[in-house]
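The values are calculated or read from the model by the stated rules, or taken from the named source; none is laboratory data. Remember, it's a predicted structure, so these values are computed and weren't measured experimentally. Methodologically, a virtual Cβ is constructed for each residue, glycine included, from the backbone with ideal geometry; neighbour enumeration extends over all protein chains shown. The area values use the complete protein model at the heavy-atom level, side chains included, leaving out ligands, DNA and RNA. Shrake-Rupley method; radii C 1.70, N 1.55, O 1.52, S 1.80 Å.
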Amino acid sequence: MSMVDIPADLETVLKDAHLPALMTALVHMTGDPQWLREAWKPTYNPAMRTDTGIPAETQAEIRRQAALVIRAHLEGKPLALPNPDTELLRRQMNFVAGAEIPETYVDFLLDELALAGKSSKDPQFEQPKLQAAARKLKVLVIGAGMSGLLTGIRLTQAGVPFEIVEKNADVGGTWFENTYPGCRVDNSNHMYSYSFEPNHAWPQHFSPQPELLKYFRGIAEKYDLRKAIRFGTRVDTLAWDEARAVWRAVLTTSTGATEVIEANVVVTAVGQLNRPRFPDIEGFGDFAGPAFHSAEWRHDVDLKGKRVAVIGTGASAYQFVPEIAPDVAKLTVFQRTPPWGMPVPHYHDDVPDGMKWALEHVPFFDKWYRFWLFWMTTEGMLPMVKSDPAWNGSPDAVSAANAMMREMATASLMAQVTDRPDLAAKVIPRYPIGGKRSVLDNGVWLAALKRDNVDLVTDKVVRITPKGVVTADGVEHEVDVLIYGTGFQASNFLSFLKIKGRNGRDLHETWGGDARAYLGMTNPGFPNLFTIYGPNTNIVVNGSIIFFSECAVRYIVGALKLLADTGARAMEPKQGVFDKFNKDVDEANAGWAWGSPNVSSWYKNEFGRVSQNWPYGLIDYWRATLAPKPDDFVLEKASEPVA
Ligand code: NAP
């Protein structure tokens, strides 16, 4: 007898399920590769990501057969093929992706799929010797957001004692801090979740912020992490104690008291986007009414019936402007550069009940759906934003593929403003797609800008006055409330933290404002200090940052294993390894749309260097972070301190 309530109208329920992922999952249930026949192979429109290209009557037939198989399985028929051989798995991958997956991706994607529930990201500390050494370590983790919680989970699994210090009153990081109206994840939720903690109940494909916060709070509970977290506590300084090979951390606790703690290893998990950036504008601070940043939303300020100014049209403003526009008396949006909106019609849609049912009950369906998202929205996108050195077309594109994408996105934007030529002239970006992060367009942004009570101003903001905002044309735009959607001090990595490494060397002085790290994580002269989501680990088009954090944490846990294994007490990257890595990264970044000289964005620091982005595929970060290579590091044995 089945434990699952099988819907009587299963065929209808399956209408909501992603069909190619369902067919791929059916191979496991039936053992029959005929589910992957050529005639049923999906084709996708890369922009819409939805069209399976399978005729409606064929889809109905597939669902009819699928319902029989799923019902039989849920009534007790065992899986015919839980572990297909590599050749069949490859066929499954090619089928669901609707594309030939290159051979080099196979081991990587198999690891992502984790069909047998095992992944290279699971800590491997089975040997008693390692376990004993692990227990003697102490790790300080700074931050209890997505990356910090993940670190806590993995350290628990590895048996390494740790403590997490969090400045906020709760877990969740960016999902705790950003509460502006309309805040939601702009990466598909079924991928924007830990690979080992799928959530089959995401209410939307791109769920609102409270759902993300709920997910991370749930993770903290499930893995019992709260007991290891000190909330309301800041780490102010870190200093390496050469003689004892420990970091001394000075904290300001929730009561305002100063406290010193020590750890062998420090992991910073503080994100890149949590120090608000206010524009350097004359008169900043002079505004007489309420003025606030999107990440510090003033819920006590009622916008109803008010005249409101918004400066900035990046990812945050793009989400909150459509939400507040209907409520305010007048909204003036100051745009310096328009964002590229990519058509995603289901951006605000609920996940249909049938899809949720299939994710929960059809074995392997969730895995293949995640895999499909992974391919469609990550690696599969990269060729569109790669610069072609031979490209001699318009400078607003970097290759023929990029120009094609521009045409498609332009057509989609223009179609929304045919009745407003004044807006059409303002909302089509002149920089290449992929130069900055694109936003997801389901029509609400331009609909908001078209409202009678909304003005899009593209004249340069030159001054803030007590009454409002003055633009270069001399107009003073009088408002009651001023909202900054002006982003974050992303390039100022770890700016809140004073860090003294070997011989008292200061990390920020060493960087001189141009932060770098080997694989985004380590610096010579700063032993046993690891940064998650550090320099050059951000992505523009390809995927979820959770993926990067999972790779980084695997590497850091691997570093702890290396210490345990070798008996070394400290490790730091060799200068030559660090230098070569950074040279390669800089050269490679120049080959992408975001490295293009006619793009300015928060991905570049004050020196014009792309300090944020990873210039390769996800597969390359996955490979580079499988485990630390001992040869890349100077390992310090207890008896021989490094000079
Ligand atoms: P942002 O993308 O850096 O956008 C800042 C905006 O302010 C830009 O339009 C910028 O114009 C404008 N600006 C800055 N200084 C200005 C000035 N002096 N005068 C006029 N305009 C000015 O910041 P954000 O929107 O907060 O997003 C930051 C990042 O956070 C995103 O790229 C994304 O990675 C992440 N994010 C994600 C989500 C999500 O997942 N849902 C949501 C929000 C944010 P320019 O373009 O000309 O510089």
Using helices alone, what [θ] at 222 nm do you get for the chain, with -39,500 (n - 2.57) per DSSP H run of 4 or more residues, divided over all residues and rounded to the nearest 500? -9500 deg cm²/dmol
In whole percent, how big is the carbon plus sulfur part of the accessible area of region 239-329, probe 1.4 Å, protein atoms only? 47 percent
Compactness summary of region 167-288: radius of gyration and Dmax from Cα atoms, Å, are 18.5, 55
Let's test the formula: R0 of 35 Å, r as the Cβ-Cβ distance of residue 620 and residue 214. What FRET efficiency results, to the nearest 0.05? 0.60
In nanometres, the difference between 0.36 nm per residue of separation and the alpha-carbon distance of residue 284 and residue 104 is 59.6 nm
Could you compute the FRET efficiency for residue 196 and residue 87, with r as their C-beta to C-beta distance and R0 at 35 Å, rounded to 0.05? 0.85
If you build the Cα gyration tensor of region 519-643 and take the root of 5 times each eigenvalue, what three semi-axes come out, in whole angstrom, biggest first? 29, 16, 11
May I ask for the Rg/Rh ratio of region 216-329, computed from Cα atoms with Rh as the Kirkwood radius, given to two decimals? 1.10
J(HN,Hα) series, region 499-510, from Karplus relation 6.51 cos²θ - 1.76 cosθ + 1.60, nearest Hz, glycine and proline x: 10, 10, x, 4, 6, x, 5, 8, 5, 5, 5, 4
Hey, if we sort 179, 531, 86 by accessible area with the 1.4 Å probe, largest down, what's the order? 86, 179, 531
Along Cα→Cβ, 7 Å out, is where each label goes; now give me the distance between the ones at residue 300 and residue 463 in nm to one decimal. 3.1 nm
Rough spin-label spacing in nm, given labels placed 7 Å along Cα→Cβ, for residue 510 and residue 204: 4.3 nm
So if a site counts as exposed when it's one of the GluC sites (Glu not before Pro), its DSSP state isn't H, G, I, E or B, and it has at most 11 other Cβ atoms within 10 Å, what's the longest stretch of the chain without one? 127-605
Listed pairs 306/450; 426/467; 15/436; 386/426; 436/500; 136/498 exceeding 30 Å between Cα atoms: 15/436; 436/500
Once the piece of chain linking residue 37 and residue 227 is laid out straight, how much longer is it, given 0.36 nm per residue of separation minus the C-alpha distance between them? 63.2 nm
Over the chain, with neighbouring protein chains present, the accessible area per residue in Å² at probe 1.4 Å is 40 Å²
Rounded to the nearest 10 Å², what accessible area does residue 510 show when all protein chains are kept and the probe is 1.4 Å? 60 Å²
Take the Cα atoms of the chain, find their three principal axes, and give me the spread along each one in whole Å, biggest first. 73, 72, 53
If you average the sequence gap of Cα pairs under 8 Å that are 6 or more apart and divide by the length of region 115-192, what percent do you get for the contact order? 29 percent
Given points 7 Å out from each Cα along the Cα-Cβ axis, report the residue 476 to residue 275 separation in nanometres with one decimal. 3.4 nm
For a label point 7 Å from the Cα of residue 598 along Cα→C-beta, name the residues of region 434-477 whose backbone N is under 15 Å from it. 434-436
Can you check what the net charge comes to around residue 130, using other residues whose Cβ is under 12 Å from the Cβ of residue 130 (Lys, Arg +1; Asp, Glu -1)? +2
In region 76-159, carbon and sulfur make up what percent of the accessible area (probe 1.4 Å)? 54 percent
So how much slack lies between residue 237 and residue 126, counting 0.36 nm per residue of separation and subtracting their Cα-Cα distance, in nm? 36.5 nm
Cα-Cα separations in region 446-569 greater than 19 Å, expressed as whole percent: 67 percent
Only Lys, Arg (+1) and Asp, Glu (-1) charged, at Cβ; the chain dipole about Cα centre in debye: 1120 debye
As an exercise, find the ratio Rg/Rh for region 560-620 from alpha-carbon atoms, using the Kirkwood inverse-distance average for Rh. 1.15
